[in-house]
1. What value in Å³ per residue do you get for the convex hull of the alpha-carbon atoms in segment A:23-94?
2. Counting helices only, and only those DSSP H runs with n ≥ 4, report the 222 nm mean residue ellipticity of chain A as the sum of -39,500 (n - 2.57) divided by its residues, in deg cm²/dmol to the nearest 500.
3. Estimate the FRET efficiency between residue B:104 and residue B:142 by the formula 1/(1 + (r/R0)^6), using the beta-carbon distance for r and 25 Å for R0, to the nearest 0.05.
4. Under a Cβ-only charge scheme (Lys and Arg +1, Asp and Glu -1), can you give me the dipole magnitude of the protein assembly as shown about the Cα centre, in debye to the nearest 20?
5. Can you sort B:15, B:87 from fewest to most other Cβ atoms within 10 Å of each residue's own Cβ?
6. Arrange B:101, A:452, A:399 by Cβ neighbour counts within 10 Å, fewest through most, would you?
7. Does segment A:341-452 come out rounded, prolate or oblate by the C-alpha gyration tensor, with a ≥ b ≥ c the root eigenvalues, rounded set by a/c under 1.5 and, if not, prolate when a/b is larger than b/c and oblate if not?
8. Taking just the alpha carbons, could you work out the radius of gyration and Dmax for segment A:432-581, both in angstroms?
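Here, each number is a calculation from the coordinates, and none is a lab measurement. As the structure is a prediction and not an experimental result, all values here were calculated from the model. No Cβ is skipped: glycine too gets one built from the backbone with ideal geometry, and neighbour counts run over all protein chains shown.
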Amino acid sequence: MGKRMSDQKTDQMTGAEIVIKALKDQGVEHIFGYPGGAVLPIYDEIFKQDWLHHILVRHEQGAAHAAEGYARSTGKCGVLLVTSGPGATNAVTGLTDALMDSIPLVCITGQVPTHLIGSDAFQECDTVGITRPCTKHNYLVKSVDDLAEIMHEAFYIATSGRPGPVVIDIPKDIQFAPGPYMSPEKISKASYQPPKKGDLNGIREAAELIASAKKPVFYTGGGVINAGQVASKLLREFVGLTGYPITSTLMGLGAFPASDNQWLGMLGMHGTYEANMAMHDCDVMINIGARFDDRITGRLDAFSPNSKKIHVDIDPSSINKTVHVDVPIVGDVAHVLEDMIRIWKETACSPDKQAISDWWQEIEGWRKVNSLGFEQSDTIIKPQYAVQRLYELSKDKDVYISTEVGQHQMWAAQHFHFEEPNRWMTSGGLGTMGYGLPAAIGTQIAHPEALVIDIAGEASVLMNMQEMSTAVQYNLPVKIFILNNEYMGMVRQWQQLLHGGRYSHSYSEALPDFVKLAEAYGATGIRATNPGELDEAITQMLDTPGPVIFDCVVSKDENCFPMIPSGKAHNEMILAGEPADVEVSEEGKALV
Amino acid sequence: MMMNDQSIEAHTLSVLVENSAGVLARVIGLFSGRGYNIESLTVAEVDGEAHMSRITIVTSGSPMVIEQIKAQLSRIVPVSRVTDLTVEAEAIEREMALVKVAGTGEKRVEALRVSESFRARVVDTTHESFVFELTGAKTKIDAFVQLMRPLGLKEVSRTGIAAIARGPEAM
């Protein structure tokens, strides 16, 4: 590094100035952060300018999730700035979350000055060591001469290929030191060549296989969202051309419109009956931008046993990782779909109409099971009903949804329907409780006029409740819609189904009064306790201009169905109303 | 369909990396973090001007796991090439060992005799000890160490395997 510097006309700046200039040249407008000793020079530069908007969070984990929400809802890179030591370690959960869900982040961490590294200095930690396994790449800047190039390279790596978080650890002396700046010319890195176009022979083979299918299903994932809005458009076009059914992972919701008749709903552990049965019985599976996650596959040796599998993924390490595929295509989803559609049209591929019509009939039979159905009550609010009402009353608005993690997250995925990509911010891979509120804040920063709702559980939301202060400080009108059942609901459900109803530490003994809590933060609190008042209360929430905590008091012991119990196959799903004690093998119990 | 019914085999991987800070930690962290085996690992800079190092790793796993290891290694940003020498080329594998043997009388004479038949070099000697330097395939060094055990073997230092493909092509 540094070699290219000499060829350029350079102006000397301090490291901190280089950081700010690089952010500007990368088109960054918002940065989430929390100051501390080791980043003071950078904060000083932030003070001196007026184009970069810094959002002060209340905990560095909040900064990371806010940057994730910002990135997920815009397709841009999220940026955060934290101090050394605890600042960096607090951000680790968010970095890991971003790595698991392939979210582009650049995280700038302060570090103790170079000469103190390794001396156990105040607020020192081995940031690059700690974050190595939870980032796509990371840097410790040892010379100010390398800083500008590292800054630009970090953005390139975070946003290209399979996106992910990148950490830049900058010692305090480097922030003061004068050094050269370079503009973000086309950064290229010899050892890093992310794939783009898929192999055409593979795409042709896939097109033939798709055309010959009798029981096909599209299984799509977060890769479609990451490939940009154009990928969603191309997906819609291709799925429309084939007339085949389509399902999606949690991360891929919105890439295909939920109102379309070809849509089967989400698949997986809490997916719909029709989606999972179609996956199990299909003869050709078309995986586009999903990774055969264990929430999707269930028991691996019984996963879709009779299908030929096509897998489009930008990451070669996702191919054949857990499930063997017949036609692997490494490439960007948008490019592959573009080629696929062209080949499909050129070769005049046409599906077997009779077979596909029979297949749809079978699927219609599964749809009739109405696997998302639940027993309604007129005295107590059912959580599914609450999400349904929230959807009905907000669907005509410009709405973005984030969630925490647990039952409420699955109910949101099942009962809130998405027509467009980038509207759904949730922690899929890592399953991070406390994600939703800061993610909603990041989303609202990116879309100030939009309606942003965090569908939350009362346990999860408390994990980053301090971010209410951020929402109030920046007047971000996020709506926190808490399905309050006083339990860690998913833990309680597993304890009921798998541990003989021994509810070990899953009940929240001392919850705050969420209405008063909202008021204490300077926000609005609303509570609904019976179904009759729900619509009016939701409307009141939507009409409130500032941030709202909505305490939706729901039935305490509702389970989330359908459910594929751990260690079981897609066709062994349990549905609502079926006997609740499940026979799960010891092996199955050991799974998560 | 699961693919866990495949037999375990050893593979020698050559990994060409940018010689940047922490690159070895990235490679080793990948193996420990994902539960892969390392049977031998060697690393040294091979091109000072281009700042490239070469890591040679002997690992074992089912063919599916080996494929996964190669894909995961290639994903590391400063890794520029991964070659599976066991599959992609006929390769030469060599290891160097320093072996200290102490003894007197008949055992000392026998140790020297064995070392000659292995073409080991004596690189240090006292009246009651030798240090032998021996280069060869792993099995040859194993055999030498076994033979030295009853003759006063004190300690062994081995480099791990370095490997390169036969023929004119570079990796």
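1. Values: hull volume 5.9 nm³, N = 72.
Hull volume normalised by residue count: 82 Å³.
2. Numbers: 23 runs with 228 residues, N = 592.
The helix-only estimate for chain A comes to -11500 deg cm²/dmol at 222 nm.
3. Numbers: r = 26 Å, r/R0 = 1.04.
The calculated FRET efficiency here is 0.45.
4. Values: 66 positive and 95 negative charges, 317 e Å.
With Lys and Arg at +1 and Asp and Glu at -1, about 1520 debye.
5. Numbers: B:15 23, B:87 15.
The fewest-first ordering by Cβ neighbours comes to B:87, B:15.
6. Working: B:101 25, A:452 29, A:399 20.
Listing B:101, A:452, A:399 from fewest to most nearby Cβ atoms yields A:399, B:101, A:452.
7. Details: a/c = 2.37, a/b = 1.40, b/c = 1.69.
Taking the square roots of the gyration eigenvalues as a ≥ b ≥ c, segment A:341-452 is oblate.
8. 17.2, 50
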